[in-house]
Amino acid sequence: MTAQDIVKIITCLILKEAIIMERKVRVVQYGAGKMSRYLMRYVIEHDGELVGAFCRNKNHIGKDVAEIIGNGFPTVGVKVEDSATADARIGELKPDVCIIATRSTVAELEDIFTICAKHGVNAITTCEEALYPWNSSPALTAKLDKLAKEGNCTLTGVGYCDLYWGTLVTNLAGSSHKITKIEGSSWYNVEDYGVALAEGHGAGLTIDEFNKTIGCYNETPSDEMKELVESGKYVPSYMWNQNGWLCSKMGLHITSQTQKCIPCVDKEDLKSETLGMVVKAGDATGMRAIVTTETEEGITLVTECVGKIYNPEEIDRNVWTLHGEPETTCIVNQPATVELTCATLVNRIPQLIDAPAGYVTTDQFPYNEYMVHPMNEYVHSK
């Protein structure tokens with residue numbers, strides 16, 4: 001590299017930092033459920049411009065988004081519209097970003113992702129699989145990647161797992177001399193996230209129903225499991241995608257990956273507001289999903305997510321241990337998982353806008369940062 005090349009690179013970096021978006025970032029919210037209360041408020045309080053909101057819940061349609069946000073939030077002047085109108089309205093509103101907070105699989109988001117790509121609108125979602133769908137829905141992700149490139153926009157998935165199961169771990173790894181094994185465990189209350197997530201964890205099923213529908217692949221070999229997952233015949237747990245994300249970020253090459261799903265139960269009946277039912281003692285309140293990943297580099301990942309309806313004594317927690325030299329354990333007790341999910345997403349918006357076109361997972365993004373200034377001042381591509 002010549003001195004002239006170095007000068008060019010430095011000049012480009014300086015110019016990039018000097019360029020900022022001179023208007024507010026225009027955002028639409030797709031899905032006006034529990035998560036949206038925080039997502040919309042965080043966008044507005046970071047000086048983004050919320051220009052639209054869509055929902056299929058008839059009880060929300062027609063309300064000012066302030067009513068959804070609650071807690072006396074001042075009137076915004078944006079009313080929730082029927083999600084059936086999203087295609088036409090997104091085309092009219094021309095937002096910079098669409099925040100999607102509805103379902104938990106990429107297949108369930110194909111329509112809205114396609115709408116966004118068609119209109120050239122960047123889309124970011126709390127959908128858990130969307131964090132790294134390349135190892136669970138590769139064909140669909142490749143299709144969405146192509147559509148996004150044609151529309152010159154970026155699609156991605158973000159949330160609590162992006163930081164507390166992802167960059168937290170890779171940052172810790174940066175302080176290790178040698179790593180032989182990574183273990184992770186994350187607990188969360190499915191009541192906080194809506195019906196899609198609760199159902200996906202088997203909450204409310206009898207143990208027999210759970211074992212027949214969710215736990216029936218527990219002894220499936222790695223090659224067969226991979227085929228089942230990638231064909232769409234089996235939807236894996238979130239740690240399946242998370243291990244893929246971690247391996248991609250760390251440059252690890254996967255040789256095998258398996259999963260076991262074990263039902264969680266409680267000795268007492270538990271009422272679920274989200275499911276609108278009482279889960280009887282001994283029935284599944286959720287599940288413990290354990291994913292084991294082996295790599296060419298000799299590092300093993302054993303991670304579990306425990307999502308369930310909590311009893312009064314249970315709390316969220318996040319524990320990661322890096323075995324090697326030195327051995328390091330990081331414990332986060334009672335993380336505010338809903339708020340952290342939403343804040344992580346909103347803080348990612350400038351990076352989303354600046355990212356190259358396509359389906360770009362956050363292992364390819366810069367590390368996330370807190371926005372001290374208005375959101376638009378962190379956008380450097382416009």
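The values are calculated or read from the model by the stated rules, or taken from the named source; none is laboratory data. Because the structure is predicted, anything quoted here is derived from the model rather than measured. So basically every Cβ, Gly included, is an ideal-geometry build from the backbone, and we count neighbours across all protein chains shown.
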Selection from region 41-64 of residues surrounded by fewer than 18 Cβ atoms within 10 Å (Cβ to Cβ), out of contact with any Lys or Arg (no Cβ under 9 Å at 6 or more places or on another chain) and either not assigned by TED's automatic domain parsing to the domain that holds residue 95 or not charged (D, E, K, R) (or both) yields 57, 59
Considering region 91-105, residues that are buried (at least 24 other Cβ atoms within 10 Å of the Cβ) and of a type in the set (Val, Ile, Thr), and then whichever is nearest to residue 354 (Cα to Cα), we arrive at 97
Matching residues in region 353-382 (farther than 23 Å from residue 47 by Cβ, surrounded by fewer than 14 Cβ atoms within 10 Å (Cβ to Cβ) and among the polar types (S, T, N, Q)) number 1
Across (1) modelled with pLDDT of 95 or more; (2) outside the structural domain of residue 255 (by TED's automatic domain parsing); (3) within 25 Å of residue 39 (Cα to Cα), residue 134 clears everything bar (3)
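Can you pull out every residue in region 359-382 that is among the polar types (S, T, N, Q) and part of a loop (DSSP other than H, G, I, E, B)? Reasoning before the result, please.
As a first pass, look at region 359-382 and keep what is among the polar types (S, T, N, Q): 361-362, 364, 368, 376, 381.
Listed by number, the residues that qualify are 361, 368, 381.
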Going through region 354-380 in order, the residues found to be of a type in the set (Ser, Thr, Tyr) and farther than 14 Å from residue 249 by Cα are 359, 370, 378
If we ask which residues in region 194-246 are surrounded by 15 or more Cβ atoms within 10 Å (Cβ to Cβ) and either of a type in the set (Asp, Glu) or part of a helix (DSSP H, G or I) (or both), their number turns out to be 26
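Mind counting the residues in region 334-352 that are surrounded by fewer than 15 Cβ atoms within 10 Å (Cβ to Cβ) and either modelled with pLDDT of 95 or more or among the acidic types (Asp, Glu) (or both)? I'd like the intermediate steps shown before the answer.
First pass over region 334-352, keeping only residues surrounded by fewer than 15 Cβ atoms within 10 Å (Cβ to Cβ): 334, 336, 339.
With the extra rule that they be either modelled with pLDDT of 95 or more or among the acidic types (Asp, Glu) (or both), the set shrinks to 339.
Residues flagged as surrounded by fewer than 15 Cβ atoms within 10 Å (Cβ to Cβ) and either modelled with pLDDT of 95 or more or among the acidic types (Asp, Glu) (or both) within region 334-352 amount to 1.
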